[in-house]
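These notes concern the structure reproduced below.
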Amino acid sequence: MRRIIDNDYLTFLFRIIVGVVFIYAAYSKIFEPAAFAKGIWFYHMVPGNLINMLALYLPWVELVCGVFLIAGYQYRGSVILINLMMIMFMIALSSAVYRGISIDCGCFKAAKATESSAMEALIRDVGLLIMTLQLYFSKSKKCMLDK
Amino acid sequence: MVGKQVLVILLLSFVLGTATNLLSPNSIPFIGQYRELSSGDGPIVPPTASEGDPPFIAIDVAEMEFSLKSAVFIDARDSEEFICGTIPGSINIPFDYLPEENTQQYVDSMLQSISKDAHIIVFCSGEECDLSLHMARNLQDFGYTNLSILFGGAREWVNFELELERGEGCEE
């Protein structure tokens with residue numbers, strides 16, 4: 001098991017996949033903060049005066065972490081923040097599914113009303129979380145800027 | 001070591017996020033000003049609502065007004081949705097199909113038996129829907145003075161298992 005977790009190629013592959021997903025997720029949200037703020041509002045989980053700040057800064061944390069993860073720079077910090085974000089997203093999505101809120105997850109663009117895709121997003125996030133946890137536990141240092 | 005890396009990433013994101021918002025044409029206020037429902041509790045109203053807009057009311061207020069027959073309900077959704085289930089007695093004025101010219105005459109003709117100071121509650125499909133907000137703004141411009149918007153719209157009405165009126169020809 002340890003050999004699989006520490007496998008250089010697997011770790012590198014997961015870094016690319018997770019990094020690209022986070023960069024892609026951040027991209028449109030950065031340029032449409034108002035739409036993303038509305039997406040956050042749909043979840044009814046964030047106090048009103050914090051919604052805009054989350055909409056402004058969360059996409060940048062996603063982008064910076066995604067880039068650093070691929071580059072292997074500030075790597076442990078990026079992996080920890082990515083895992084924390086994954087857990088946060090999954091709590092929000094689970095809460096939306098539990099409360100029956102019919103929304104697009106807002107993961108990759110501003111959320112809007114749909115025929116509830118929050119469950120699909122949650123399932124996808126489970127797959128991503130497996131990868132981010134592998135990155136957390138892996139000791140591989142292949143192709144990293146960090147020494 | 002790890003804590004320092006986390007701090008570096010958060011600080012970098014803070015600087016980039018602040019700079020982007022200051023320079024971007026799509027910037028938003030750093031602190032959002034979100035109004036609450038007129039009843040003062042429950043979820044906040046959509047970010048698209050602004051000062052001066054008619055108040056949003058919660059389902060319990062709408063139900064009370066409905067049971068007292070003290071308000072007129074306007075369904076701003078398309079006629080297909082209206083036929084397939086609406087608040088009983090509602091008047092359907094689909095916002096998306098308002099005529100571009102003589103809009104006020106058209107709306108006034110739809111509401112000819114309603115006085116301008118009657119309590120009017122506008123709704124659309126759900127909380128994500130802005131049709132009711134736009135319709136209420138139009139009505140406000142046309143001189144209707146006692147307007148409310150049902151937060152959560154028809155979906156909230158259905159969620160609370162309240163009475164629905166269905167027309168003929170629903171193809172659901």
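The values are calculated or read from the model by the stated rules, or taken from the named source; none is laboratory data. None of the values given here were measured: they were computed from a predicted structure. Cβ placement follows ideal geometry from the backbone for every residue including glycine, while neighbour counts extend to all protein chains displayed. Surface areas here come from the heavy atoms of the whole protein model, side chains and all, with no ligands, DNA or RNA. Shrake-Rupley method; radii C 1.70, N 1.55, O 1.52, S 1.80 Å.
Filtering A:Ile51, A:Ile23, A:Ile80, A:Ile70 for residues that are of a type outside the set (Asp, Glu), modelled with pLDDT of 95 or more and in contact with a Phe, Trp or Tyr (Cβ under 8 Å, 6 or more places away or on another chain) leaves a single hit, A:Ile80. Scanning the stretch B:152-172 turns up no residue that is at pLDDT 90 or above and polar (S, T, N, Q). Picking from residues in the stretch B:22-69 that are at pLDDT below 85 and assigned to a strand (DSSP E or B), the one that is most open to solvent (accessible area, probe 1.4 Å) is B:Glu36.
Only helices (runs of 4 or more DSSP H) whose full extent lies in the stretch A:1-53 are considered here, and the ones with at least 2 residues that are loosely packed, with under 14 Cβ neighbours inside 10 Å and not basic (Lys, Arg) are A:8-31. Close Cβ contacts (under 6 Å, 6 or more residues apart or on different chains) running from residues in the stretch B:99-125 that are of a type in the set (Phe, Trp, Tyr) to residues that are exposed (fewer than 15 other Cβ atoms within 10 Å of the Cβ) comprise B:Tyr106/B:Pro99.
All conditions in (1) closer than 27 Å to A:Gly39 by Cβ; (2) in contact with a Pro (Cβ under 6 Å, 6 or more places away or on another chain) hold for B:Glu165, with the sole exception of (1). All conditions in (1) touching a strand residue (DSSP E or B) at 6+ places or on another chain (Cβ under 8 Å); (2) within 26 Å of B:Thr48 (Cα to Cα); (3) aliphatic (A, V, I, L, M) hold for B:Leu98, with the sole exception of (1). Any residue that is touching a residue at least 40 places away in the same chain (Cβ under 8 Å), surrounded by fewer than 17 Cβ atoms within 10 Å (Cβ to Cβ) and closer than 15 Å to B:Asn92 by Cα - is there at least one of those in the stretch B:151-164? Yes, that holds for at least one residue.
Counting only residues that are open to solvent by 20 Å² or more (accessible area, probe 1.4 Å) and in contact with a Leu (Cβ under 8 Å, 6 or more places away or on another chain), which one in the stretch A:64-86 is farthest from the other protein chains (Cβ to nearest Cβ)? Residue satisfying both the conditions and the ranking: A:Ala71. Just one of the listed residues (A:Leu50, A:Leu81, A:Leu54, A:Leu69) is touching a residue at least 60 places away in the same chain (Cβ under 8 Å) and either at negative phi or among the hydroxyl-bearing types (Ser, Thr, Tyr) (or both), namely A:Leu69. Per the conditions (1) within 13 Å of chain A (Cβ to nearest Cβ); (2) open to solvent by 30 Å² or more (accessible area, probe 1.4 Å); (3) at pLDDT 85 or above, the sole criterion not satisfied by B:Gly17 is (2). When B:Phe82, B:Phe73 are screened for being at pLDDT 95 or above and within 30 Å of B:Glu161 (Cβ to Cβ), only B:Phe73 passes.
The set of residues in the stretch A:12-51 being under 17 Å from the mean Cα position of the chain (by Cα) and β-branched (Val, Ile, Thr) consists of A:Ile16, A:Ile17, A:Val18, A:Val20, A:Val21, A:Ile23, A:Ile30, A:Ile40.
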